[in-house]
Protein chains: 2
Amino acid sequence: MKLGDLGEDQLLDQLLPRLPLKKKAVVVVPGHDCAVVETHDRRKLLVLKTDCIIEGVHFSRGTNAFDVGWKAMMRPLSDFAATSAVPQFALITLMAPEQTELAWVKELYRGLRRAATRFEVSIVGGETSSTPGPIAISTSVVGFVEKDRWLSRRGGKVGDDLFVTGWLGGALKQKHLQFIPRIAESRWLTKNFSIHAMMDLSDGLGTDLPRLARASKVGFKIDTEKLPLTRGAKINNAISEGEDYELLFAISPRDRSRLERAWAKEFPNLSLTRIGSLNRKSAIGNRKLSSGYIHFQQSG
Amino acid sequence: MKLGDLGEDQLLDQLLPRLPLKKKAVVVVPGHDCAVVETHDRRKLLVLKTDCIIEGVHFSRGTNAFDVGWKAMMRPLSDFAATSAVPQFALITLMAPEQTELAWVKELYRGLRRAATRFEVSIVGGETSSTPGPIAISTSVVGFVEKDRWLSRRGGKVGDDLFVTGWLGGALKQKHLQFIPRIAESRWLTKNFSIHAMMDLSDGLGTDLPRLARASKVGFKIDTEKLPLTRGAKINNAISEGEDYELLFAISPRDRSRLERAWAKEFPNLSLTRIGSLNRKSAIGNRKLSSGYIHFQQSG
């Protein structure tokens, strides 16, 4: 069997359960947006995330280096947003052929630095390695989250409202290189509300929402007519394209009106849309979203 | 200018001084074995390291996957040894072509897990990405070190003895895939002695010792006849081959006899050899080691 015959979820399922985990120390197992672990600190959890982008896979050869650096930093930071965690330190690994222009690499680091500075993250190290292959940038980020504020895909309850931030679809045109992780929004949410489950939308709602539902052991129902569409995007784009890097979260309907009012006041320029709700595991609810979308088999 | 025209040290010198560093939070700047940063913990420092190995660069195509996994985990752990830090958590990024055999990947992870377990490190996450290029494995490790025990390449003093653990040279035959990072030895050293500066020998004594001397702002003199040679290795191999993953450290000569006696008792199967000493920056001392070795220009 070849690696390409398995999706990443399936592959990690096969590899990760056998990894050595000190059960006491690890709060969230792999497969979630970030790893969240206990340390000697009583109030805070350590949060870890690594992410890589590869030329020809995550960005095309002609992409300007600043944007590549921005994306390489912001992708793992978006996972911190999903966890409602505060990123603090980053390590950068650059794999690049020897004939890579130094000017390109400097511009890449300018993008990395600009993105890190945006969220007060310190780039504290890393390494460079020559490769016979395409350029790859791997970014590892470490930070923390208070024990009473950290979120994962687990914890969504039957009856919860489902909200998404921003607009979905059409991200591959430009937004995927210039997005702003929703860290400020996520931290505000957990400061002011009881959020039950959260994730960031990187692979598209049609892939990601089933993951949240599966982790929370519930079903879901969404109203595709309500999806907040990027100008020019269609429902199909919003569901299956990915790279939106918006937040998807579950919250009790009791908080709905307070949330909507407070959000509009705090973030007047960013939409917040109720797109549906969590329900008992119902094939009908699931099928409604998924029919025709290639990733649905991953929702199990 | 192309990337290949610069050594990694020179490249990082160009890229890293401009990185955003919160001065208060960062104890050691990039370029050392690990990044060492302050957190809200008063007694302990957070230690971070990332390292990647690439097929065709760090291992050849035919290498068995278990050994590749072992090496991918042990290389950053050797940097923890250099810092006298305790590794705790690891993230693994696997970049591999879609046609990679799943069996190969499983064996790779078996090597990663075995190596992690050896030092009670929990693999808490990571990701896989398909690539059109060669297989690459990036490992990020996070842990801690007590504030009064952490070591770097800085701190060596004029007159200090220079010691190395184990045997040098010939590592490329087999040892580079099966070495044991000297974490236990390093932790024992800082528990029982005042070590002034330390690093692990990954690029060869001829490259690494000048780095320690430069960071400590001193010169050095070694007695090449005293170098502890792996069976079959010559002095030249010990100086220029690299991948020994042994410790090099500087300690006051006042501690010499106590160190040698206690070491022999604690680690009877691992040699500890005094190879020379640190001195005032003397061109003669430097030239003695370096003449004829390609990496010497990096010692500045």
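Using a 10 angstrom Cβ neighbour count of at most 13 plus a DSSP loop assignment to flag exposed GluC sites (Glu not before Pro), which longest range of chain B is free of such sites? Longest stretch, sites excluded: B:121-300.
The gain in end-to-end length when the A:Asp5 to A:Lys173 segment is fully stretched comes to 57.7 nm, 0.36 nm per residue minus the alpha carbon separation. Between copies, the label points of B:Ser257, set 7 Å from Cα on the Cα→Cβ line, lie 8.6 nm apart, reported in increasing order to one decimal in nanometres. To the nearest 10 degrees, how steep is helix A:183-192 against the longest Cα principal axis of chain A, on a 0 to 90 scale? For A:183-192 against chain A, the angle is about 40 degrees. If you fit an axis through the alpha-carbon atoms of helix B:102-118 and take the longest principal axis of the Cα set of chain B, what angle between them do you get, 0 to 90°, nearest 10? With both axes taken from Cα atoms, the answer is about 40 degrees.
For chain A, the mean residue ellipticity at 222 nm estimated from helices alone is -9500 deg cm²/dmol, where every DSSP H run of n ≥ 4 contributes -39500 (n - 2.57) and the total is divided by all residues, rounded to the nearest 500. In this assembly of identical copies, the label point of B:Leu172 (Cα plus 7 Å along Cα-to-Cβ) is separated from its counterparts by 4.4 nm, sorted shortest first. Between B:Ser257 and A:Ser271, the C-beta separation translates, for a Förster distance of 51 Å, into a calculated FRET efficiency of about 0.10. Placing +1 on the Cβ of every Lys and Arg and -1 on the Cβ of every Asp and Glu, with no other charges, gives chain A a dipole of roughly 1140 debye about its Cα centre. For segment A:151-282, the relative contact order comes to 49 percent (Cα pairs under 8 Å, sequence separation of at least 6).
Put in line by how crowded their Cβ is, counting other Cβ atoms within 10 Å and starting with the fewest, B:Met1, B:Met95 read B:Met1, B:Met95. Dividing the mean sequence gap of close Cα pairs (under 8 Å, 6+ apart) by how many residues segment B:72-166 holds gives a relative contact order of 46 percent. Under a model in which nothing but the beta-carbon of Lys, Arg (+1) and Asp, Glu (-1) is charged, the protein assembly as shown shows a dipole of about 1820 debye around its Cα centre.
The mean sequence distance of close C-alpha pairs (under 8 Å, at least 6 residues apart), as a share of the length of chain B, puts its relative contact order at 21 percent.
Measuring from each Cβ of chain A to the axis carrying A onto B, the nearest residue and its distance in whole Å come out as A:Gly133, 1. Peptides B:267-280, B:198-211 ranked from most to least packed give B:198-211, B:267-280, packing being the mean of other C-beta atoms within 10 angstrom over each peptide's residues.
Please report the net charge: other residues with Cβ closer than 14 Å to the Cβ of A:Asp255, K and R +1, D and E -1. Cβ neighbours under 14 Å give a net charge of +4. Residues whose amide H lies under 5 Å from that of A:Ser84, counting only those 5 or more places away or on a different chain, are A:Leu151; hydrogens are built 1.01 Å from N in the peptide plane. Inter-chain Cβ neighbour count for B:49-59, averaged per residue, equals 5 (cutoff 10 Å, partner chain atoms only). Each copy carries a label point for A:Thr63 at 7 Å from Cα along the beta-carbon vector; from one copy to the others these points are 2.8 nm apart, nearest first.
How big is the shadow of the Cα convex hull of chain B, averaged over all directions, in nm²? Hull-based average projected area comes out at 16.5 nm². A straight line joining the Cα centroids of segment A:178-195 and segment A:205-238 runs 19 Å. Note on A:Thr224/A:Lys281: beta-carbon distance plugged into 1/(1 + (r/R0)^6) with R0 of 22 Å gives a FRET efficiency of 0.65. Among B:Val142, B:Val105, B:Val68, the residue with the largest mean-square fluctuation in a Gaussian network model of chain B, with springs joining Cα atoms closer than 10 Å, is B:Val105. Between the Cα long axis of helix A:256-266 and the first principal axis of chain A there is an angle of about 40°, rounded to the nearest 10.
Over the protein assembly as shown, the pair-distance histogram of Cα-Cα distances with 10 Å bins from zero comes to 3, 17, 27, 25, 15, 8, 4, 1, 0 percent, rounded to whole numbers. Here segment A:138-239 is assigned +1 on the Cβ of each Lys and Arg and -1 on the Cβ of each Asp and Glu. Its dipole about the Cα centre then comes out at about 100 debye. Taking the fewest neighbouring Cβ atoms within 10 Å as the starting point, the ordered list for B:Trp70, A:Trp263, A:Trp188 is A:Trp188, A:Trp263, B:Trp70.
Where does the Debye-calculated log10 I(q)/I(0) of segment B:98-184 sit at q = 0.13, 0.21, 0.25 Å⁻¹, using only Cα point scatterers of equal weight, no solvent? So the normalised log intensities are -0.72, -1.29, -1.41. How far apart, in nm, are two points set 7 Å out from the Cα along the Cα-to-Cβ line at A:Val57 and at B:Leu102? Distance between the two pseudo-spin positions: 1.8 nm. Look at where the Cα atoms of segment A:66-105 and of segment B:74-114 average out, and the two centres are 20 Å apart.
Rule-based calculations on the coordinates, nothing more; no lab input. Just so it is clear, the structure is predicted and the values come from calculations on it, not from any experiment. Neighbour counts run over all protein chains shown; Cβ positions are idealised from the backbone, glycine included.
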